Each structure stands twice: as structure tokens, then as C-alpha cells.
1. Rounded to whole Å and ordered largest first, report the semi-axes of the equivalent ellipsoid of the chain derived from its Cα gyration tensor (root of 5λ).
2. Compactness ratio of segment 237-313: Cα Rg over 2.2 N^0.38 Å, N = residue count?
3. Work out the FRET efficiency for Asn298 and Ser196 from their Cβ-Cβ distance, taking R0 = 30 Å, and round it to the nearest 0.05.
4. Dividing the alpha-carbon Rg of segment 1-71 by 2.2 N^0.38 Å yields what?
5. Using the per-residue mean of other Cβ atoms lying within 10 Å as a proxy for protection, in what order, highest first, do the peptides 187-195, 30-38 fall?
6. Quick one: of Lys54/Lys250; Lys56/Lys244; Lys150/Lys282; Lys21/Lys242; Lys54/Lys282; Lys150/Lys250, which pairs are farther than 31 Å apart, Cα to Cα?
7. Computing the accessible area with a 1.4 Å probe over protein heavy atoms, can you report the carbon and sulfur percentage for the chain?
8. Okay, helix-only estimate at 222 nm for the chain: each DSSP H run of n ≥ 4 adds -39500 (n - 2.57), divide by all residues, round to 500 deg cm²/dmol; what do you get?
Amino acid sequence: MTDVTTRMLDAKDTGINRAAKILRDGGLVAFPTETVYGLGADARNGHAIARIFKAKGRPAFNPLIIHIATLEMAEQIAVFSDAAMRLAAAFWPGPLTLVLPLRPDADLSSLVSAGLPTIGIRLPAHPAAQQLLTAFGGPIAAPSANPSGKISPTTAAHVAAGLSGRIDAILDAGACDVGLESTIIGFDPAPTLLRSGGLPHEAIETCLGTRLTIHTTPETPNAPGQLTSHYAPTAPLRLNVKAKRTGELKLGFGPDDDADLNLSPSGDLIEAAANLFHHLHKLDAQNAIAIAIAPIPNIGLGIAINDRLTRAAAPRP
Ligand code: TXA
Ligand code: MG
């Protein structure tokens, strides 16, 4: 797939400003962090976030980490407990991601957190990442900048080898120092190691004065149930529905007079992905007996959409 021309930008002022402009325009920019290169998009722009999944060829919507320039910005997006604040004060900027409750007024695309009420957030230490975040002035969502199933890139050349023609630009600042993804800590409510990474978990335990619960999950959860927490609507879902039944609400795709909400009236899968969690939440809030879902073509982003819908429709434990 080659949709776009990928520009190489150097990590000087002009390159940083160009990269920030591309992000503001809803584009995709790979940028260096101290851990690995991330594939960045405006975390408030659902269409841009959907393009991340398309570019990576991810068969499923995993929640993404957002990157912020300051602790103040983080506090506008997530709710910090005392323990979370202690870790942020000790290890930010640095290779530590905190999974925290998402503030209801945070204004992020619901695709970033895959519909979950939590958000993974980190303040990276790499100067080019910090300059980009400051120039952009908002949260940047970024998974590692590799095609799905491939190893994380630690140079701009790795990124280009995997994603050239699928993303708008690569900000080149040489090799990443850490070369390993960030350590991820959640609180449910005890501090829990969700992924080992660049910050040794012993350092975190020393800072908190307690042992961490260890609960690491596979990096790319593909099978149902592999990711610890999934967004699932309260109402049962019925898939591949042409005509809804009495008492059901319908989520449409493509032209559909029967639909109560439509993922994409024009049948655009990027638009559908961007709307998926938001629309499910909205229909679920109306206490219907069931939510009927129109057929979604099982190609491109449709594969990830169908994966998520199939899991949400599966019998609950
Ligand atoms: O070092 C890093 O963390 C790199 C750089 C670019 O910052 N990013 C990165 O992102 O590794 P990604 O998307 O490849 O990995 C994110 C991991 C996934 O395994 C995802 O399941 C988990 O973080 N995650 C994100 N938000 C979460 C949440 N709300 N709850 C549970 N897990 C979450
Ligand atoms: Mg990754």
C-alpha cells in the first residue's frame, strides 16, 4: 500500500514546525522518543487516529499511549492518584507510561483508548519529541512506528523500511537511546506492572515503597480475552443486521434509512473506525434491548472493526 509520499524531516526548527503542521492537519508523523520511534497523530482527531491503525495494518484496535509536553497537560486529560503523581514526579520525562482514569472532559478521540475509561499517558524525554509536542501544543497519540507484528523501530531508517508510503513524514533524530518500549504501570487500585520496558520495575517499587502486582499481557493481543480490559457495551450486540427488530437500535454503515446512528453514511472505513467507540457508547446509553449492527466489509480497517464488534458481541462471562 502506497497512498502518500513520506517526507524525511530533520529534527531542527523547520522540520519540527513542519511536523507539527502535518499533525494539526490530521496527518501521521513518525517521531523519535528515547524508547523507540512512535507513529504520531493528533489524539483529538478520530480520523487521524484511524489512519494510524490503517498504516500499521493492525488487525485489532488496541488502546494507544498518548504523549504530552507537560505534567499540567497530563492533569487535564487524566486523574492522578497520589501514587501516580509520585511516579510522574520521579520518572517524567522518561520511559514510563501510566494508565490512569480518563477525565470525562478530556476531549480525546474514543479510538485512542479503544473505548476504555482509562488512558495510557507519558511524557517522553527525547528533546525532539518534546520540541514536537511543544510546537504542536496538544496530546499526540503514538504506538511504536512499525507495521503490525514487526519489531519496534529505533532509527528513522527502520521506520522508513516499514511504513514508507503509508505515513506523511518521519522526523529523523538518529537512534533512540533506550531502544525498548516504556514500562507501563496501571492502578486497579494497587500499582500494577502491565508491561516491562525501559524503566526497571525495581526503581518503581523503591519510589512507591511497595511491591508491584505483575500483570503483563501479550504485546499484541489478537485472540478474544487476551487484553485484560475491553470496552463492551451493556446492551447485547447483534451483528450483520439488515433490518432491526422492535426495541433495537441500529448502528449503520453505508446508506441506511433504518440506522439510528451511522458509522459512515458514505461507507468509508476510516470514518467508521473513528466513530466506532463513540457511537457504541452513545447507543448503549439509550438502554435499548439490543444494538443491531450493519454488515461491515471485512477488508482494511473493517477487519479491526469486525474484530472489536465480534468480541463485544461474544457471550459475557
Ligand atoms: O515506549 C513506548 O511506550 C512507545 C513510544 C512510541 O512511546 N509506544 C508504544 O506504544 O510502545 P504501543 O501502542 O506499541 O504499546 C502500547 C501498549 C499496548 O500494549 C496497549 O495495550 C497498552 O499500551 N495500553 C495503552 N493504553 C492502555 C490502557 N488504557 N489500558 C491498558 N493498556 C493500555
Ligand atoms: Mg508496539
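1. 32, 24, 16
2. Dividing the Cα radius of gyration by 2.2 N^0.38 Å gives 0.97.
3. My answer for the efficiency is 0.30.
4. On the way: Rg = 12.5 Å, N = 71, 2.2 N^0.38 = 11.1 Å.
That works out to 1.13 for segment 1-71.
5. My ranking of the peptides, most packed first, is 30-38, 187-195.
6. The pairs that break the limit, which is 31 Å between Cα atoms, are Lys56/Lys244; Lys150/Lys282; Lys21/Lys242; Lys150/Lys250.
7. Its accessible area is 54 percent carbon and sulfur atoms.
8. Values: 9 runs with 95 residues, N = 317.
Mean residue ellipticity, 222 nm, calculated: -9000 deg cm²/dmol.
The values are calculated or read from the model by the stated rules, or taken from the named source; none is laboratory data. Source: prediction; values computed, not measured. As a convention, Cβ positions derive from the backbone with ideal geometry for all residues, glycine included, and neighbour counts pool all protein chains shown. Ligands, DNA and RNA are excluded from the accessible area calculation, which covers all protein heavy atoms including side chains. Shrake-Rupley method; radii C 1.70, N 1.55, O 1.52, S 1.80 Å.
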